[in-house]
Amino acid sequence: MATALTAGAAAVPGLAFAEDPYGASPFRKINDAEWKLRLPAKSYEVLRHEDTEPPGSDGVMLNEHRKGTFACLGCGLPIFKSEWKFESGTGWPSFYTFIPGALAKKVDLAIGVPRTEYHCAQCLGHHGHVFNDGPKPTGLRYCNNGVALKFIPA
Ligand SMILES: [Zn+2]
């Protein structure tokens, strides 16, 4: 069940912030209709309505292997570094950690079992889910929608 995100952290129930350094960001004031105009259709559904792209459907980010940074397509906040990316075999870009402060997490019950989903800490766009089956050193797998990311080469 997708949940509409509107301006303000309170619009995403359950989203947990250790702190909220981006609370005054102009990206928080963008409404749903404006996001729809700003983003490609698939990216809009993922970032603003918690959709999930079909696995393997976004080959661009999945097959991006250059050195650089993966940032939020909605607001440009850097989230992952290329050296943290790994081949998970799932069809989604996967990372074992993220840039501190770039993500806020919440428990998602959409499929009946609790999963931890994560959002961009600045624009609150939905990016993906984190699982406990990743590689060392964290053992975590941040399973991210490719259409929610943009790549900035180093
Ligand atoms: Zn963002």
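The residues of the range 49-69 that are within 16 Å of the ligand (Cβ to nearest atom), of a type outside the set (S, T, N, Q) and over 18 Å from Glu117 (Cα atoms) amount to a single one, Met61. Of everything in the range 96-126, what is among the polar types (S, T, N, Q), under 25 Å from Pro137 (Cβ atoms) and within 10 Å of the ligand (Cβ to nearest atom)? Give them in sequence order. None; the set is empty.
Per the conditions (1) closer than 25 Å to Val12 by Cβ; (2) out of contact with any helix residue (DSSP H, G or I) (no Cβ under 8 Å at 6 or more places or on another chain), the sole criterion not satisfied by Lys85 is (1).
Scanning the range 39-50 for residues that are without any contact (Cβ under 8 Å) to a residue 60 or more places away in the chain and either loosely packed, with under 14 Cβ neighbours inside 10 Å or closer than 10 Å to Asn145 by Cβ (or both) yields Ala41, Glu45. The strands (runs of 3 or more DSSP E) found entirely in the range 1-111 that carry 1 or more residues being of a type outside the set (Gly, Ala, Ser) and at pLDDT below 95 are 103-108.
The values are calculated or read from the model by the stated rules, or taken from the named source; none is laboratory data. Nothing here was measured: the structure is a model prediction, and the numbers come from that model. Cβ atoms come from the backbone with ideal geometry, glycine included; neighbour counts cover every protein chain shown.
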